[in-house]
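Below is one structure; the comments refer to it alone.
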Amino acid sequence: MEKTNHEKMLDKEEYFPDQELADLAYECSEGLQLINSQPPRSEERQMFLQKFFGSIGSHVTIKGNFNCDYGKNIYIGSGTIIN
């Protein structure tokens with residue numbers, strides 16, 4: 001069975017943007033609006049970050065206007081500050 005473009009992207013192979021990737025990017029952009037509109041230590045924001053990223057450790061601070069393409073491919077260790 002042939003890989004999807006999303007699988008190819010994750011495997012660092014040549015891929016072409018398709019509807020699946022466009023949908024993932026759109027979901028991400030909606031999530032970024034919530035992340036960037038809430039105070040860094042907001043409980044709602046912290047709970048959302050647990051779902052948004054591939055994984056996130058404890059005591060993580062994300063400041064400013066955070067931006068990414070998909071979110072779920074990001075894994076953040078404990079004690080990280082993103083500025």
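What follows draws every value from the coordinates through simple rules; no lab data is involved. Here the structure is a predicted model, which is why all the values come from computation and not from measurement. Positions of Cβ are backbone-derived with ideal geometry, glycine not excepted, and every protein chain shown enters the neighbour counts.
Per-residue 3J(HN,Hα) values for the stretch 63-74, derived from phi via the Karplus relation 6.51 cos²θ - 1.76 cosθ + 1.60 with θ = phi - 60°, read 9, x, 8, 5, 9, 7, 8, 10, x, 5, 8, 10 Hz in sequence order (x marks Gly and Pro).
Let's see if you can work this out: charge +1 on each Lys and Arg Cβ, -1 on each Asp and Glu Cβ, no other charges. What is the dipole magnitude of the chain about its Cα centre, in debye to the nearest 20? Kindly include the intermediate steps, with their values, before the conclusion.
On the way: 8 positive and 13 negative charges, 118 e Å.
With only Lys, Arg, Asp and Glu charged at Cβ, the dipole is about 560 debye.
The HN-Hα couplings worked out from phi for the stretch 39-56 by the Karplus form 6.51 cos²θ - 1.76 cosθ + 1.60 (θ = phi - 60°) are x, x, 9, 4, 4, 4, 5, 4, 5, 5, 4, 4, 8, 6, 8, x, 6, 8 Hz, whole numbers, x standing for Gly and Pro. With each label modelled as a point 7 angstrom along the Cα→C-beta vector, the residue 66-residue 43 pair spans 1.9 nm. The GluC sites (Glu not before Pro) of the chain meeting both criteria, a DSSP state outside H, G, I, E and B (loop) and at most 12 other C-beta atoms within 10 angstrom of the site's C-beta, are 2, 13, 14.
The structure shown yields percent of Cα pairs over 22 Å apart, and of the options [x] 19; [y] 47; [z] 30 that calculated value carries the label [z]. Looking at the chain, identify the longest residue range that excludes and avoids all trypsin sites (Lys or Arg not before Pro) in DSSP loops having at most 12 other Cβ atoms within 10 Å. Of all site-free stretches, the longest is 13-40.
For the stretch 5-82, the number of Lys pairs separated by eight or more positions or lying on different chains, with C-alpha atoms closer than 22 Å, is 5. Computed on the chain, with alpha-carbon pairs under 8 angstrom and 6+ residues apart, the relative contact order is 25 percent. Residues whose amide H lies under 5 Å from that of residue 62, counting only those 5 or more places away or on a different chain, are 82; hydrogens are built 1.01 Å from N in the peptide plane.
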